[in-house]
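The values are calculated or read from the model by the stated rules, or taken from the named source; none is laboratory data. Since this is a predicted model, take the numbers as computed values, not measurements. In this analysis, Cβ positions are derived from the backbone assuming ideal geometry, glycine residues included, and neighbour counts consider all displayed protein chains. Accessible surface is based on the protein model in full, side chains and every heavy atom, while ligands, DNA and RNA are left aside. Shrake-Rupley method; radii C 1.70, N 1.55, O 1.52, S 1.80 Å.
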Protein chains: 2
Amino acid sequence: MIAVRPQTLVNGIVADSLAVTDRGLLYGDGLFETLAVRNGLPQRWGRHLARLQGGCKRLSIALPDGSLLAAEAARLCAGVDRAVLKILITRGTGSRGYRPDAVAVPTRIVQCLPDPGYSPDLARDGIVARLCALRLGHNSALAGLKHLNRLEQVLARSEWNDDNIREGLLTDQTGNLVEGIMSNVFLVHGDTLLTPDLARCGVSGIMRGLVLELAAHAGIACAVRDVALDEIWQADELFVCNSLAGIWPVVKCDNHTYAIGRVTRTLQRLLEELPDDE
Amino acid sequence: MIAVRPQTLVNGIVADSLAVTDRGLLYGDGLFETLAVRNGLPQRWGRHLARLQGGCKRLSIALPDGSLLAAEAARLCAGVDRAVLKILITRGTGSRGYRPDAVAVPTRIVQCLPDPGYSPDLARDGIVARLCALRLGHNSALAGLKHLNRLEQVLARSEWNDDNIREGLLTDQTGNLVEGIMSNVFLVHGDTLLTPDLARCGVSGIMRGLVLELAAHAGIACAVRDVALDEIWQADELFVCNSLAGIWPVVKCDNHTYAIGRVTRTLQRLLEELPDDE
């Protein structure tokens, strides 16, 4: 196994740059995926590819060739122990103006980047989170998508500098809880798992989908619905999740503390036991 | 005077590409300006620079050096009869993650692009517009900014293909009128000029500011407030404006027709009479 030096393929060719006329830059007109790489393999490839292609469909971007992407990912990840694979698909280059070019050829960017090096302590002992002041805007046309318009997340992540605070929780314009800046969020009330509905804003995370499936298989009662902010202060357990972190219990958010409870531990164990490719 | 071939300076150097690690691409983490170039000069430079710097301030992006930008713009525009000058400022390159790098050096992109070649007929005879189905999301943290998160505009502009329809009007999540996809919008009711307040969404256009100033100087009563969609159906006059088009009367929007009235013509005349650098 070799150490990771960042490497990027742009449309299949090793490159470190992109056309200044790319609509990914001009308008954030594209989508991305972030995958964990373990032992040379991008984890949960099928799920990430399906989301990426679903996103392209919603934005009317020509679907990337899945086998081509897989081959490029395999090329970058070969021999790599731990890393992050990032895939970006943009609508491609175009002339000035918002109108998409009917014959635009999407740009395909595949990057192998260093692993963030999260300590296993974070999953075991939990993290401290904070509630962000920034509120997400509603737009059902974009809700759920992991698109390249991420200024809301950038501004929210700029709200604090304390490295002990690992994640910021975001509410929407109506004050409902939506997600973490780089994660989805789950609450446990008694024996019931609860996560915000993402019909109006938020990113529909791969790990979120997996947690919902694991919970269903384990017979844990589960609800996806609007979650009022107040509900997190009354939660028995709170956790965030994403593809790189897995499940991180939240032990403190602002002035509220949480125990790491049975439901969170059960889901962590089930996730641990799951084959990497599921 | 020579014909325009697109040319780009990236951080002062002639280039046609940008680092794949630029946050402009990764998150749309930046701002842009679009200026008309006439007889070798970018028009209303001071206003555009002020907006760009104000936007950088709001996003906590280090302010670009105005005299450097001016020199680069002058270099690209020299000898060019008619063109478009586009300036993009991004937060610069960075490692993966939403958190802005405290020492990030912004990327400065200055481009001279072909003039869109709008016929003068559009200002004289007016345009046909349509009401878009897409509704803009509210976010006061981003409202007014000409930032690089433009997927809403891309999706709205994808709603039609009829070249006779020149602009799409956008409402917000509460159904109020906000702006055009690439323009701001004004209504005239009797002798009063009206344009939507942009506190929750929309781009605060340079031409919009100029029209408001011209109206004030001419003693035309003026209101900036929330505008219910219904109000456009009852308007006596309707027009859109931006830095490249100037003022375009709207003569038809969906099934409603409008006369080109006295207020619109007065503002067009005042704009025409204004020195280019104001």
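Below, the figures for the structure above:
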quantity	calculated
Which numbered condition B:Cys201 misses (of (1) more than 11 Å from every other protein chain (Cβ to nearest Cβ); (2) within 26 Å of B:Arg44 (Cα to Cα); (3) among the hydrophobic types (A, V, I, L, M, F, W, C))	(1)
Residues of region A:30-52 that turn out to be open to solvent by 50 Å² or more (accessible area, probe 1.4 Å) and of a type in the set (S, T, N, Q), as a count	1
Any hit, region B:97-104, residues being open to solvent by less than 50 Å² (accessible area, probe 1.4 Å), more than 8 Å from chain A (Cβ to nearest Cβ) and hydrophobic (A, V, I, L, M, F, W, C)	yes
Any hit, region A:126-144, residues being within 28 Å of A:Asp254 (Cα to Cα), under 15 Å from the mean Cα position of the chain (by Cα) and not polar (S, T, N, Q)	yes
Selection count, region A:125-140, where residues are part of a strand (DSSP E or B), among the small types (Gly, Ala, Ser) and open to solvent by 20 Å² or more (accessible area, probe 1.4 Å)	1
Subset of region B:123-149 (residues that are at the interface with chain A (Cβ under 8 Å from one of its Cβ atoms), over 15 Å from B:Thr174 (Cα atoms) and aliphatic (A, V, I, L, M))	B:Ala141, B:Leu142, B:Leu148
Single residue of A:Leu198, A:Leu155, A:Leu212 found to be in contact (Cβ under 8 Å) with a residue 24 or more places away in the chain and surrounded by fewer than 24 Cβ atoms within 10 Å (Cβ to Cβ)	A:Leu198
Hits in region B:60-94 - residues which are within 12 Å of chain A (Cβ to nearest Cβ), open to solvent by 60 Å² or more (accessible area, probe 1.4 Å) and at pLDDT 95 or above	B:Ser60
Which listed residue is under 17 Å from the mean Cα position of the chain (by Cα), away from chain A (no Cβ under 14 Å) and open to solvent by 10 Å² or more (accessible area, probe 1.4 Å), from B:Ile206, B:Ile220, B:Ile247, B:Ile260	B:Ile206
Test: B:Ala19 is within 14 Å of another protein chain (Cβ to nearest Cβ), open to solvent by 10 Å² or more (accessible area, probe 1.4 Å) and at pLDDT 95 or above	yes
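Results for (1) within 7 Å of chain B (Cβ to nearest Cβ); (2) among the hydrophobic types (A, V, I, L, M, F, W, C), shown as yes or no for each residue.
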{"site": "A:Val10", "(1), (2)": "yes, yes"}
{"site": "A:Leu31", "(1), (2)": "no, yes"}
{"site": "A:Leu35", "(1), (2)": "no, yes"}
{"site": "A:Gly40", "(1), (2)": "no, no"}
{"site": "A:Trp45", "(1), (2)": "no, yes"}
{"site": "A:Gln53", "(1), (2)": "no, no"}
